[in-house]
Amino acid sequence: MDQKALEYTRNHYDRHSNQFASTEEALKARATGPGAPLKKFHNDIKRQLINRFANGAESLLDFACGRGGDIWKWIDAGITVVKGIDLSPGEIEEARKRFAEARTKRPGTELRYEFVDSPKLGTEEWLEPAQYDVVTCMFAIHYFFVAEKALKQFLHNVSINLKDGGYFVGTVPDGRRINECIKNGRTYKRPMLTIEAHWVGGPGPFNSPYVCAIGDTVTGGDKGTVGSFEYLVYSSVLVSLAAVYGLKPVLDYGDPNLAGFFDDADATKPLKHFKPHFPNSDRSLERASSLFAAFVFQKTNGTPTAPGAGTRLQQLPQQGVLGKHGREDEVDASASAAQRPLQRRRPGLLNAKLQQAQQQQQAQQQDEQQQQLAPQAEEQQGQQGEHHSDLRNGRTQETQLEDAVTGSCEQPVQAAAGSGEEQQQQNRDASAAGGVVESTR
């Protein structure tokens, strides 16, 4: 990640940290400002996403955790182990303070939450001692679109720290919608939203900076400064690069409550755009909210699926995890087995499956031969004729078997990529705008 861009972003968020003496004071200010409807709506979306994809999970890793605004969402979801990482030391300090306050309100609940600051997420490998059930990045992945190398490093860090079958959940501003706002110029200015293009020439898939300042939020400027610099994100770029690291988009969240937060047209798309309704606010606040979208990826080689309602991502230790009501949640073993995610394909798995199937076929043929005491010559001739016929058609039993195994492994990848028409649209997006996806904090 570009050092200058990193320092600018870190300084911006450091200025917004420790503005209030307590969490209660911060919540009161958030509930009364002009941006209150947007903040509540965005927090409701994050809570629903966490409840859907991380409820009852044993562990969660939050990249770009900020001031720990999701601490109570994690606690209410019954998540025991959380690690939050952010580049801003000031925001990490505030996150630790908020967690200390939260612990006093849930005495007796096992909570192992840790917060650390680091600028390395987009520059170096970050490997935790153990993998996590869920990885999140809320309103921040767009910062890694400063360069292709930075995004690849970040997605690598997501993948190596996420268990097979685990979920990568986040929210992000859509580059296409940013471009729509400034299609008649390089600046869009309304009472609650300001967007300024800062790229040179046309926008590309990476390093296309812009300023997005939403009034009364952490993205806005203060003390005479501009808002935070962000980078255009296009869904086609995000999805294609995520696939390189074994992350496939979950298209169906399987939750009608969540569906109500997003545009109906996005039901089968990787990005689910927010559908805000703030009747008592300036219309530009709704426009600001509608720039954003949610995404969910699953680390699996199979067709990505949403977890079953009320089931865990993985079976937890026998003692369970204390839930939102302070009681121990029970592990539904049968439901867990039924909803167990498909495992990510490992190197050589295709060849191993093929070899195993061939060995089973050969053993079966040997058994049949032993049972035939005196095979007839014309039967042998018939078998040879069938075999030569297969050779002429280029379809030996071995070839058929290999095609079957390959098809079972590759079909989910094609399904995750979406329909041909949608893929063509994504390709046109990528070529027209340089191609990528979302962000905000």
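Would you check if residue 148 is over 15 Å from residue 84 (Cβ atoms) and surrounded by 13 or more Cβ atoms within 10 Å (Cβ to Cβ)?
On the way: over 15 Å from residue 84 (Cβ atoms): yes; surrounded by 13 or more Cβ atoms within 10 Å (Cβ to Cβ): yes.
Taking the combined requirement at face value, the residue satisfies it.
Residue by residue, here is whether (1) in a loop (DSSP other than H, G, I, E, B); (2) buried (at least 21 other Cβ atoms within 10 Å of the Cβ); (3) assigned by TED's automatic domain parsing to the domain that holds residue 205 holds:
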site	(1), (2), (3)
46	no, no, yes
49	no, yes, yes
74	no, yes, yes
90	no, no, yes
97	no, no, yes
101	no, no, yes
108	yes, no, yes
153	no, no, yes
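Being more than 24 Å from the chain's Cα centre (by Cα) and part of a loop (DSSP other than H, G, I, E, B) is the requirement here; does residue 120 meet it?
Values: more than 24 Å from the chain's Cα centre (by Cα): no; part of a loop (DSSP other than H, G, I, E, B): yes.
No: the conditions fail for residue 120.
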Evaluation of residue 166 against (1) surrounded by fewer than 24 Cβ atoms within 10 Å (Cβ to Cβ); (2) over 18 Å from residue 206 (Cβ atoms); (3) touching a strand residue (DSSP E or B) at 6+ places or on another chain (Cβ under 6 Å) (one fails), failing number = (1)
task = Name the residue, out of 204, 215, 175, that is farther than 14 Å from residue 230 by Cα and in contact (Cβ under 8 Å) with a residue 24 or more places away in the chain.
result = 215
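The values are calculated or read from the model by the stated rules, or taken from the named source; none is laboratory data. Please read all numbers here as calculations on a predicted model, not as lab measurements. In this analysis, Cβ positions are derived from the backbone assuming ideal geometry, glycine residues included, and neighbour counts consider all displayed protein chains.
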